[in-house]
Structures are given as C-alpha cells and as structure tokens.
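Participant: I'd like to ask some things about the structure below.
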Amino acid sequence: MSVLLAEGLGVRKGGRAIIGDISLTAGPGEFIAVVGPNGAGKSTLLAALAGLTRPSAGEVSLDGVPLARIARRKLARARAYLPQNPMCEWPLSVERLVALGLTAHLPALGPLPDTFDAAITQVLADHDLLERKDQPVTTLSGGEFSRAMLARALVGRPELLIVDEPVTGLDPVHAFAAMVRLAAWAASGNTVIASLHDLTLAARYAGRILALKNGQMAGEGTLSPTMIRNVFGVESRMRGEGRSVTVDFLES
Amino acid sequence: MRSLSAGLGLLLVVAFILSLLAGRVWLAPPDIVFGHNVLASLIVTDLRLPRSILALLVGASLGLSGAVLQGLTRNPLAEPALLGVSTGAALGAVLAIYFGVTMISGAAGPLLGLVGALAACALTFSLGQGGGTITLVLAGAAVSSLTAAGIALALNFAPSPYAAYEIMNWLLGSLADKSWNQVWLILPFVLVGGAFLFTTGPALDALSLGETQAESLGIDLSRLRIAAIAGTALAVGAATSVTGAIGFIGLVAPHLARPFVGHQPSRILLPAALLGALLLLVADIAARLVHLGPELKLGVFTSLIGTPFFFWLVVRLKRTSP
Amino acid sequence: MTRGIGAALLLLLLMGQAIAAPPKRIMSLTVCTDELLMDLAPPSRIASISYLSREKAALKLWPEAARLPVNHNSAEEIVEQKPDLVLTLVYASTELRTLLEKSGIRILEVPQAVNFAQIRSVTRMVGNAVGEQERAELLIARMDSTLRDLAATGSKQVIRVASWGGGGFVPGSDTLFDAVLTAAGGRNITAHDTYYDVESLIAARPDILAFADDYIDEPSLRRDQNDHPLLLRLFANRRIVYPAAYAGCGLPQSADAARALRSELLQAMAKPGGVP
C-alpha cells in the first residue's frame, strides 16, 4: 500500500532549472506514462521520484514519509528503479543478475538465504529466462537483456517501480511484451511510472499520461491530439481504443 | 567458491610448510617437528616462521585489495601497485624510518605507510576517476612515478649513507631478515584493513549494475568507497611499510580466481586473498633459492609472473573495448 | 785527457747526487699511502696528503694529518704544488699518469696490501722511493716481532669470527681483515667473500661478530639485518668493534691491530653466547 506524492517538485543542476513545479499523486494499481520531447526533463523527474536525486524545491513522499527520511535499504525494498540503457559491468549469469535485485533483502552477514531461491526462479520463469539462467548476460540479445533487467527490478516485488525508457532499442514484439509486463505489475496492486517516447504504447497500456515540456507539466490524464499539440507542437490523429488504439503524427 | 577456497587453503598449507623448510639452508621435517636440532629450531622459529607469516599477511592484503579495487572501479587493471598506492605507502614508510620517526615509535612505520597509501589513492582517484579504464591506470602510473621519485629523493637526503643502496628494497620489495617484530607491528593494521575490505562484498556486487542502480538497491556508495580505500590503506599501507612495494599480486590474484568462481565481485574476495598469499609465498621461496650474491628482491619474481599477464590483459582489453 | 776524466767524474757525481738525494716535496694522493708516508718521512718533506686523512676515524690514529696540507687528488693541485714524487695506489687514472710523465714528475703506484707479506714489500717500496730505507726496515722489524709474539702465545681454541654490519657482505681470505684476524688467532667463517643473510650467518656458527667502527648508527634497513632479534639474543656478549682503518690499509701497524684484536676476542669468548 503506497501512495507516492510529489509537491512542487523542482530540480536544478548547474544553476539551471531542469524541472520545476511538478505535483502529482500516484497510487497502487496505477500505470503512469511520462511523455515529452527530448530534453523535457523526464529522466530527471523519474530520478527525483525514485529518491535518487535530491530536489532543490518541493518534496517527494511515500505514504506520507519524505523519501529523504526513509532508510536506504527500506526504500530500496519498496521501490525499484531502472535507468535508461541499464548496463552490467561483469559477465554475470542471468540468475546472478536477477538475484542482485534482492540486495536490499540481504541479511547483515552472509549470502541470500535459500528461501529466496523460489522467488528468483519464479521471476525468471515469468520473464521467459529460465532456460538462460546460467548464461552470461553479456551474451544475451538486446531483448533478452532488457527482460533480464526488468526481472531484476521485479524480483524484490517492489510496490513502486520506476523505469526510464523501458522499450528503447527493442523490436516491436519485445516492446509490446515489456509493456504487458509493466501493466500487469501495476494491475497486481503496485505503482508503475515509466517514461516513453512511443505514444501508441503509452496510450495503450498506461492508465494515465503525464506530459512534460521544458521541465514543466504540460498535460495530465488521457492522451489526446490536443495534449499532443500542446506538448510536441505537432498535429496527430488517434484511432481505435483500449489496447488497439494508435497514435499517428500528421505531417503539416 | 567453497571448493576453490578449500583447495587454495590446502595449497597454502603445503606452501607454508615448504617455506619453513626451504632456504639457503634446507631443513628436513624431522628437525623441526622433533626439535633435536637446535640450530634448525632457531632458524624456523626466529626467521622462517615470521617470514612465512609475513608473506601470508602481505600477499593476502594485496590480493584482497586488488579484488576490491577492481570491483570498486569496475576496472580489470586496478590494483594497489598499479594505482600508485604501494609506492605511496613505501614513501611514507621511508620518511618514517630513515628520518628517525620510528625511533620514537615503531608504529610510525605502518602509520605513515597508511598515510602515504591514502594520499596516493586520493590523488589517483581524483585524477583518473570518471575517465574510463585506461585513464585510471594512467593516473596510477603517474602517481607511481611521482612517489617512486619521492622515495629516491628521500633516500638521497637520508642521514644514513646506506640509504641510497636500499632503494631496491623499497621499489621491489623484500622479506629478507624480517622478524616477529614486524609481524606484531603490522598484524592489527592488516586485520582491521582486511575486515573493512571483506565487508564490501555485497555492495560491490550491486555496483556491477552501475552507480545509479546500486544506489537504488540501497547501497551507500560513499560508505563503500571509504571502506574500500580505508581498508586498502590500512592493510596495504602497513604491509608495504615492512616489505616495500610489491607489484602485480593484487592484479593477478583476482584474475586467477575469476575462471573458477565467476565474475561476481563478492565471490572473488576470499579466493583472491588466498591466491595472493599463495603467490607471494611461492615468490618468496623462489627468491630464497636463487643464489646470486645478495638475495634477489621479491619484485623481480612477482614481475616475472605479473608482467606477461599484464600485457595479456591489455591486449584483451584492446580487443574487447569499442 | 784529464779534462775529460774530470768531466766524467763530475757527471757521475751529479748523477749520483740526483739518484741519492731523497725527494723533498712528496705528494700522497690516497689514504693508505698517506699513512705510510706519515710513518716514514718527516713532515718537512711532505708537500700534501689526501683530504680524506682528515676524516674523524683516520685522524684518531694519525693526528699529525691535521697539521699537513691536503690535496684532493686533482691535476691542478699537482701542477700547483710541484712535487718531486707522487705516491698513489695502483690503478690511478691514466690521465694523471700521462700528465705526470709529461711533466717529468716521478710517480710511484703501490698495490693495496692485503696480507703481511705484501705489507712488507709495499713498505720497502715506499721506503726506497722516499729515501727512508732504514726507517722502513725498522717498522718491518717491529711488525715481525709482534707477529712472532702472537704466533708463539696463540691458544689452540678455535674462534670463528664473522665481520658483520656490511649489509650481509662478509669478507673472506685475501682481505686485510682476514690477515689481521688470522694473526690474532681467529678463524674467518668463510674462505671467499660471500653474502650472508641472517639464516646462513647463524648456520655458519660464528662465535663472535665483528663490526667495523665506522658502523653508522643512523636508521636504515640495514638495522633489520644487523640487529635482528635473534642475533641480538645469541650474540649479546659476543660483539666486538674494530677500527675500520686497520681493515682498510695494510700497514706495519696492522700487527698491533692483530694484538688488540686478540685481546678483544679472548675477552668476548670468556662470556657465554654464540649459536648453540
């Protein structure tokens, strides 16, 4: 049960305001897609919502407690974060990589207790990685690697999942599969916040859209050609609805 | 990992026993066990036992520190010697010993070794971090050169006329003619430093995913850095103050462990420590057995092992990087 | 004809004078030749000695060095001081030798004497060159008498001695130290110059460790070796110090050094110690 609340959130870097005056509430079961042009501040917003960047203005709180006041490990157990283009420095096996997601659950001394083995196996199965569990991650294809990273984010069963650009570089099949998984995680009673460039995917799977432009909120709610015009400055046409909606940009 | 560590432990015991028996004067096992031969007992208890224990402590410190530094910097070329930490420690020790500070307190040696190691580490990291694999190693090479020159300079100005002849001890390392005094002197530093280093395991594992993800997993990065650097400074700093700068052990030991235990940093720590101890013991035994005038310095043997390995690593790095 | 004979006799006389007249301005360029020169010739005939003879350890034994002019083994000083004889050790630089030949200055190069036979020959060589043959023979006779004494009163006790403190380097036979030690009745632990570490040193079972008195007390790594706890324990009562000068230059006084060394050895052996 977790409600993420951001009030008047602002982040400055190098004297410049990257994002400013962002307020939002996100509750369990919600899948929020953050959209906006390049440089709008999506990554900075996600990092601030994850508690990894200290805000210069405003505050982010989880269940009423400011993130800065939550103990590191406790926060790490409640919230999982994936940056853009996540990487792994060493050729660990898929299983080991996924197990890293449980770092915050490690006891003070010693390795992970065997009770976690089942959780790891389950999440590997959920992400179609069971066959490859001993394979070094450096030998995985792009799609498989993304799945492995998502698996490592979800193995700890986080109530809050924040993902920056989850489908970059994935082919359509893998992109759809990733979105399905994110939506399913939200539907299980967790909060998912993801930044996306693909508006069709955002429209199909996210329950709510948050649009950013020049670091400020430029729209919230359901995606519409009006919102798209405000944020991107282009005309668009939306067809269909629910899981078959498509968003096309129109050349002017 | 458990079977590797057990295997290494066994090899270590064998090497340790060999170290007690080997030297310019070979001893037979019955001499030591039954103690009839007084000369042999003296040699073992007052010379070879402390020497072998020193080799264990110093080798383990180097191997462990190398494994931790490689995990911390995600750089397969990281190790205390290449990053200038060893020569920095040697400089601190030289200043303590030749200018009389150790006459006030023997602990000045390892303490100033620690300070030298910290300073060198800080310099290397501030110069080279954030610039990629090679940049860090280059920064380390620069700091190594600087501190080695500092050692030569200090020895030139030292009151003792023998100082200049002893530079090879400091730049290449030696375990010759050490006694229990040196063992007790560095033991607390090595134990505390080693403990710091061993605690970094889980954090290093998380760091495989990069700093941001590691933070998101609850890792306190600054505490990790402090533990890694303080541990290195304590263990390697003190060890070097007694033996001089010994290269390549910290580089080779973790790499030798990886084919057996995989790349997960926490699993490499213990095997690297054991391998470091083993490698140094073997190098020391070799140094004793080669009879060419005064004893050959340890660094000659560790370089014989380490330099070809280092070249191989660099070539492999060239091939795998973009 | 008488004028011819007279001229020949005059020539002979002059030549004889030239040969018979001892040199009046003698320059010595090395410490060993300095010391021999100071023992043989009066100060009035010494032009200069090496500046190294004014080092503390050397001055202790040859205080007159403080009152004599010094040189720094340089060609300029030779030209300046205009000696009629230059004494130095063998292997003086070839430039020096050529310069002296060109200037017509006589040079005598003597070898380092590392045993008593060589001490005799070198002393005679220098004695002849400086015109003090009688004094040279006197010094040699005194030396031989001391040596005969020592040989006659020697005991059967085997005293094994290692010269220590030299970074592990232990001089063997063919060194002055060895000659003095043998005359004193001690036995060197090694026949050849060898490097010992602490282990091989105690395996060689010396009875006494002998340190040269120029042993520097400034801190260095050499301490680890010299003052290893094991050596401090075993040789607490069995350490002697000998003047480094007596191990450096082979001189007639080396016999006196042997006598002094004997009494030190016997004193040390009276106390317990050594390798069990």
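Only the coordinates and a few stated rules stand behind these numbers; no lab work does. No experiment lies behind these values; they were computed from the predicted model shown. All Cβ positions, even for glycine, are placed from backbone atoms using ideal geometry, and neighbour counts span all protein chains on display.
Participant: Set the Förster radius R0 to 51 Å, insert the Cβ-Cβ distance between C:His72 and B:Leu313 as r into 1/(1 + (r/R0)^6), and round the FRET efficiency to 0.05.
Facilitator: The pair C:His72/B:Leu313 has a calculated efficiency of 0.40.
Participant: Mind checking the angle between helix B:249-261 and chain B's longest principal axis? C-alpha axes, 0 to 90 degrees, to the nearest 10.
Facilitator: Relative to chain B, helix B:249-261 is tipped by roughly 70 degrees.
Participant: Then there's this: Given R₀ = 25 Å, what would the calculated FRET efficiency be for B:Leu191 paired with B:Val300, taking r from the Cβ atoms and rounding to 0.05?
Facilitator: Once rounded, the FRET efficiency stands at 0.30.
Participant: Turning to a different aspect of this structure: Could you tell me whether chain A comes out rounded, prolate or oblate from its Cα gyration tensor? Rule is a ≥ b ≥ c as square roots of the eigenvalues, rounded for a/c under 1.5, then prolate if a/b exceeds b/c, otherwise oblate.
Facilitator: oblate
Participant: Same structure again: Label points 7 Å out from Cα along the Cβ direction at B:Leu10 and A:Ala187: separation in nm?
Facilitator: 5.5
Participant: What are the extents of the Cα atoms of the protein assembly as shown along their three principal axes, listed from largest to smallest and rounded to whole Å?
Facilitator: 151, 72, 42
Participant: Hey, another quick one. Need one value for B:155-166: mean number of C-beta atoms belonging to other chains within 10 Å of its residues' C-beta atoms.
Facilitator: Mean partner-chain Cβ count within 10 Å for B:155-166: 4.
Participant: Once amide H atoms are built 1.01 Å from N in the peptide plane, which residues 5 or more positions from C:Arg187, or in another chain, come under 5 Å H to H?
Facilitator: C:Ile159, C:Arg160, C:Val161
Participant: Which of the three applies to region A:178-252, rounded, prolate or oblate, going by the alpha-carbon gyration tensor with a ≥ b ≥ c and a/c under 1.5 meaning rounded?
Facilitator: oblate
Participant: Peptide B:214-225: average number of partner chain Cβ atoms within 10 Å per residue?
Facilitator: The per-residue average across the peptide is 5.
Participant: I want to check the label-to-label distance for C:Arg106 and B:Ala122. Put each point 7 Å from Cα in the C-beta direction and report it in nm to one decimal.
Facilitator: 7.1
Participant: Over chain C, what is the relative contact order in whole percent, taking alpha-carbon pairs under 8 Å and six or more residues apart?
Facilitator: It comes to 17 percent, rounded to a whole number.
Participant: Using only alpha carbon pairs under 8 Å that are at least six residues apart, calculate the relative contact order of chain B and give it in whole percent.
Facilitator: In percent, rounded to a whole number, it is 30.
Participant: From Cα pairs below 8 angstrom and at least 6 apart in sequence, can you work out the relative contact order of chain A, rounded to a whole percent?
Facilitator: About 26 percent, as a whole number.
Participant: On to the next question. Report, in deg cm²/dmol and to the nearest 500, the calculated mean residue ellipticity at 222 nm for chain B, where each DSSP H run with n ≥ 4 adds -39500 (n - 2.57) and the sum is divided by the residue count.
Facilitator: That comes out to -24500 deg cm²/dmol.
Participant: Quick one: which of B:140-148, C:233-241 comes out on top by average Cβ neighbours within 10 Å, and what's the full order, highest first?
Facilitator: Top to bottom by mean Cβ count within 10 Å: B:140-148, C:233-241.
Participant: Compute the long axis of helix A:172-187 from its Cα atoms, compare it with the longest principal axis of the Cα atoms of chain A, and write down the angle in degrees, 0 to 90, nearest 10.
Facilitator: 80
Participant: On full extension of the chain, what length is gained from C:Arg54 through C:Ala236, given 0.36 nm per residue of separation minus the C-alpha to C-alpha distance?
Facilitator: Result: 62.2 nm gained on full extension.
Participant: Separate question: Looking only at the protein assembly as shown, where both bridge partners belong to it, what percent of the DSSP beta bridges are antiparallel (to the nearest 5)?
Facilitator: Of all bridge pairs located within the protein assembly as shown, approximately 40 percent are antiparallel.
Participant: Okay, moving on. Could you work out how far the C-alpha centroid of region C:47-80 sits from that of region A:81-125, in angstrom?
Facilitator: That distance is 81 Å.
Participant: If you stretched the chain out fully between C:Leu61 and C:Glu80, how much longer would it get, using 0.36 nm times the residue separation minus the C-alpha to C-alpha distance?
Facilitator: 4.0 nm
Participant: Let me ask another. Rounded, prolate or oblate, given the Cα gyration tensor of region C:92-250, with a/c below 1.5 counting as rounded?
Facilitator: In terms of gyration-tensor shape, oblate.
Participant: Run lengths n ≥ 4 of DSSP H only: what is the helix-derived mean residue ellipticity at 222 nm for chain C, with -39500 (n - 2.57) per run over all residues, to the nearest 500?
Facilitator: -14500 deg cm²/dmol
Participant: OK, next. Which listed residue (A:Val60, A:Gly15, A:Gly39) has the Cα farthest towards the positive end of the charge dipole for region A:1-70, taking +1 on Lys and Arg C-beta and -1 on Asp and Glu C-beta about the Cα centre?
Facilitator: Towards the positive end, the residue furthest out is A:Gly15.
Participant: Still on this structure, I have one more. Provide, as a two-decimal number, the C-alpha radius of gyration of chain C over 2.2 N^0.38 Å, N being how many residues it has.
Facilitator: 1.22
Participant: Enter the Cα centre distance for the pair region B:108-186 and region B:1-71, rounded to the nearest angstrom.
Facilitator: 25
Participant: A further question follows. May I have the convex hull volume per residue, in Å³, for the Cα set of region A:65-108?
Facilitator: Once divided by residue count, the hull of region A:65-108 is 107 Å³.
Participant: Order A:227-235, A:178-186, A:152-160 from most to least packed using the mean count of other Cβ atoms within 10 Å.
Facilitator: The most tightly packed comes first, giving A:152-160, A:178-186, A:227-235.
Participant: Still on this structure: Structure shown: which of C:Lys24/C:Lys60; B:Lys178/C:Lys156; C:Lys56/C:Lys102; A:Lys133/B:Lys318; C:Lys60/C:Lys102; A:Lys133/A:Lys213 lie over 31 Å apart, alpha-carbon to alpha-carbon?
Facilitator: B:Lys178/C:Lys156; C:Lys56/C:Lys102; C:Lys60/C:Lys102; A:Lys133/A:Lys213
Participant: For C:192-199, what's the mean count of beta carbons from other chains sitting within 10 Å of each residue's beta carbon?
Facilitator: 5
Participant: How would you rank A:142-148, A:128-134, highest first, on the average number of other Cβ atoms within 10 Å across their residues?
Facilitator: Ranking, from highest mean packing down: A:142-148, A:128-134.
Participant: A follow-up question, please. Return the long-range amide H neighbours of A:Asp21 (sequence gap of 5 or more, or a different chain), with a cut-off of under 5 Å between placed amide H atoms.
Facilitator: Excluding prolines and chain starts, which carry no amide H, the hits are A:Leu9, A:Gly10.
Participant: Nearest 0.05, what FRET efficiency do C:Asp227 and B:Leu39 give at R0 = 25 Å with Cβ-Cβ as r?
Facilitator: Approximately 0.75, to the nearest 0.05.
Participant: What is the sum of charges around A:Leu100, taking Lys and Arg as +1, Asp and Glu as -1, for the other residues whose C-beta is under 11 Å from the C-beta of A:Leu100?
Facilitator: Result for the local shell: 0.
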